[in-house]
Amino acid sequence: MERLNTFLAKHLWLQVVLSALAATAAILLIDPGRSSVAVLLRVAVTSIGAVIVLIVLRRKEKRAAGGSATGLVSLDRKLRLGEVPTESAEREAMRELVEQRLHRSRHRVAATVFLVLLFGSVVALTATTSGLRQTLGFALFSVVFLGWSIANGNLQHRRLRAMRDELGGAPAESRAGTASAVSRD
């Protein structure tokens, strides 16, 4: 499994293709009357914005990890396993990556509440406009996706906080900037 994680982390395009295929399969299971090619094209077109965001975030993380995909994969693996880097440059890169991810996840509770409301309203609207099969499909998908998302999000957040504590907090320049900002107040 670790080799698969590493391979997928290095090849972002494969993650996008597999996600599009999985979304297409889920849609075809819920509504089997559609053309698979038409569904795949619709998934691809509606995913363009998400792919752009993914590429931008990946570029920022690579920059924080030293500029290479291999460095980012290595740091991500160490973060997943809870291994604290020993080299000072690698520790600084890990600290920067952890702070970046913690900053990006600062609104995760509000986002989770929004997702629960969004999926609940989609299930309710599906119940009023479609049949029992589609309603049950969306309800099952919603429960499984939200349950996995919440559990995995909490796990990742705990890992990030634990690594930040192991590394000793924010980078030196961020701490100095924070200290000067606090002293101005």
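The values are calculated or read from the model by the stated rules, or taken from the named source; none is laboratory data. All values derive from a computational prediction rather than experimental measurement. Counting neighbours? That spans all protein chains shown, and the Cβs are built from the backbone with ideal geometry, glycine included. These accessible areas exclude ligands, DNA and RNA; they are computed on the full protein's heavy atoms, side chains included. Shrake-Rupley method; radii C 1.70, N 1.55, O 1.52, S 1.80 Å.
Each row is one residue, and each column tells you yes or no for (1) closer than 24 Å to L146 by Cα; (2) over 14 Å from the mean Cα position of the chain (by Cα); (3) at pLDDT 90 or above.
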{"site": "T46", "(1), (2), (3)": "yes, yes, no"}
{"site": "V51", "(1), (2), (3)": "yes, no, no"}
{"site": "E61", "(1), (2), (3)": "no, no, no"}
{"site": "D76", "(1), (2), (3)": "yes, no, no"}
{"site": "L79", "(1), (2), (3)": "yes, yes, no"}
{"site": "A93", "(1), (2), (3)": "no, yes, no"}
{"site": "A111", "(1), (2), (3)": "yes, no, yes"}
Just name the residue that is farthest from F7 (Cα to Cα) out of those in region 66-80 that are among the hydrophobic types (A, V, I, L, M, F, W, C) and crowded, with 17+ Cβ neighbours inside 10 Å. L79
Restricting to region 107-146, give me the number of residues that are surrounded by 12 or more Cβ atoms within 10 Å (Cβ to Cβ), farther than 15 Å from L29 by Cα and aromatic (F, W, Y). 2
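Condition (residue is touching a residue at least 12 places away in the same chain (Cβ under 8 Å) and under 19 Å from H157 (Cβ atoms)) applied to region 48-59: is it met by at least one residue?
Yes - at least one qualifying residue is present in region 48-59.
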Reported set for region 111-151 where residues are part of a helix (DSSP H, G or I) and small (G, A, S) is A111, G120, S121, A124, A127, G137, A139, S142, G147, S149, A151
Out of the residues in region 1-34 that are in contact (Cβ under 8 Å) with a residue 60 or more places away in the chain and more than 17 Å from the chain's Cα centre (by Cα), which is nearest to G71 (Cα to Cα)? E2
Take residues that are of a type in the set (K, R) and tell me which of the helices (runs of 4 or more DSSP H) falling wholly in region 1-80 contain 3 or more. 48-64
Is it the case that some residue within region 73-91 is touching an Asp or Glu at 6+ places or on another chain (Cβ under 7 Å) and either more than 14 Å from R164 (Cα to Cα) or without any contact (Cβ under 8 Å) to a residue 60 or more places away in the chain (or both)? no
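Residues in region 97-106 that are open to solvent by 70 Å² or more (accessible area, probe 1.4 Å) and either in a helix (DSSP H, G or I) or more than 30 Å from R158 (Cα to Cα) (or both): how many?
Within region 97-106, residues that are open to solvent by 70 Å² or more (accessible area, probe 1.4 Å) and either in a helix (DSSP H, G or I) or more than 30 Å from R158 (Cα to Cα) (or both) number 2.
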Which of the numbered conditions does N154 fail, given that it passes all the others? Conditions: (1) of a type in the set (S, T, N, Q); (2) at pLDDT 90 or above; (3) in a loop (DSSP other than H, G, I, E, B). (3)
How about region 157-169: which of its residues are in contact with a Ser or Thr (Cβ under 8 Å, 6 or more places away or on another chain) and crowded, with 16+ Cβ neighbours inside 10 Å? L160
Scan of region 81-96 for residues that are among the aliphatic types (A, V, I, L, M), open to solvent by less than 50 Å² (accessible area, probe 1.4 Å) and part of a helix (DSSP H, G or I), ordered by number: A93, M94
